[in-house]
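Enquirer: Take this structure, written in structure tokens, and hold onto it; I'll ask about it next.
The values are calculated or read from the model by the stated rules, or taken from the named source; none is laboratory data. Fair warning: this is a prediction, and the values are worked out from it, not measured in the lab. A quick note on method: Cβ atoms are made from the backbone with ideal geometry, for glycine too, and the neighbour counts reach across all protein chains shown.
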Amino acid sequence: MVQYINPELTDMVLIYGEALSNGGAARRLYMERFPGRQVPCERTFVNAVQHLVLSTEIEAVQDLGVSCIVLTTDEAGFTRDGVFNSHNTHIWSEENPHQIRERGFQQRFSINVWAGIIGNRLIGAHVLPPHLNGEGYLNFLQNELSDLLDDVPLQVRRDMWYLHDGAPGHSTPGVKNWLDANLENRWIGRNGPVLWPARSPDLNPCDFFLWGHLKQIVYETSVNTVEELTVRVNNAADADSIRRNFDMLVRTQASMARRAQACIDNGGRHFEHLI
């Protein structure tokens, strides 16, 4: 993959605007204006604009100083099989221990789990409908979110921002209208006042921290029923090593800020190798 330096990305953004957001026209214009450079494909012009938007939006939130009062949320699927990687699963012993690791069960089940992090608090976990649509998500926002936030101080709830990704169920008109009415301009997501980039798990603490910790606890032993799986998820979220590990949760939020800055510094490209 070709790596472009920031001045080249800036030229792409300017030419894309000059070409009225037409990728083909932008490519031809770029070729004429910079004959000595490698010519980007049409998609690269779009990506350059998206990277600029991402960097601008992240900087806007950072300028407001709201990193400690952003409720970052996400959803994850928990299945009966759990997380299994045969390449990394080994049992070391001088004699054959005849160990068995069950997988590929005939009876399968899963649950869809929502959780959030704000400051030093874990919110949830909360089980959502398995196939979440806009109606189900709106019902969650209207009738269940406030109960999950009961232990959050009132002033924090008044000032907090709400962050979610661009899943289809998050992006319906009903959900957007509810967020606009209840959070004014204090929400981050698709079609929101502050955009959230697609495919960015490396920026969301639920993705780069929480789900891995929860699944490590949940799948210590095999799960036999969906009810048992639900109990295990809730117990894992309530474990002292997560819910009451306030320092770790604060460090996780600080890591989000560092990752956001690294993303900006690297022009919106991959950055985890820099942190």
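Enquirer: Got a number for residues in region 168-199 being touching a helix residue (DSSP H, G or I) at 6+ places or on another chain (Cβ under 9 Å) and under 21 Å from Leu122 (Cβ atoms)?
Expert: 6
Enquirer: State which residue is surrounded by the most Cβ atoms within 10 Å (Cβ to Cβ) when the search covers only region 31-54 and only residues that are at pLDDT 90 or above and under 33 Å from the mean Cα position of the chain (by Cα).
Expert: Going through the qualifying residues, I end up with Pro40.
Enquirer: Can you work out which of the residues in region 107-135 that are among the polar types (S, T, N, Q) and outside any strand (DSSP E or B) is modelled with the highest pLDDT?
Expert: My answer is Asn133.
Enquirer: Can you find even one residue in region 55-70 that is assigned by TED's automatic domain parsing to the domain that holds Ala257, under 30 Å from His131 (Cβ atoms), surrounded by 15 or more Cβ atoms within 10 Å (Cβ to Cβ) and modelled with pLDDT of 55 or more?
Expert: Yes, region 55-70 has at least one match.
Enquirer: So which residues in region 219-275 are in contact (Cβ under 8 Å) with a residue 24 or more places away in the chain and basic (Lys, Arg)?
Expert: Within region 219-275, Arg243, Arg259, Arg269 qualify.
Enquirer: Of the conditions (1) at pLDDT 90 or above; (2) more than 26 Å from Gln261 (Cβ to Cβ); (3) buried (at least 18 other Cβ atoms within 10 Å of the Cβ), Asp74 satisfies every one except a single condition; which number is it?
Expert: (2)
Yes/no per residue for (1) over 22 Å from Arg251 (Cα atoms); (2) of a type in the set (Ser, Thr, Tyr):
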site	(1), (2)
His131	yes, no
His164	no, no
Gly169	yes, no
Thr172	yes, yes
Leu183	yes, no
Arg190	yes, no
Asp202	no, no
Cys206	no, no
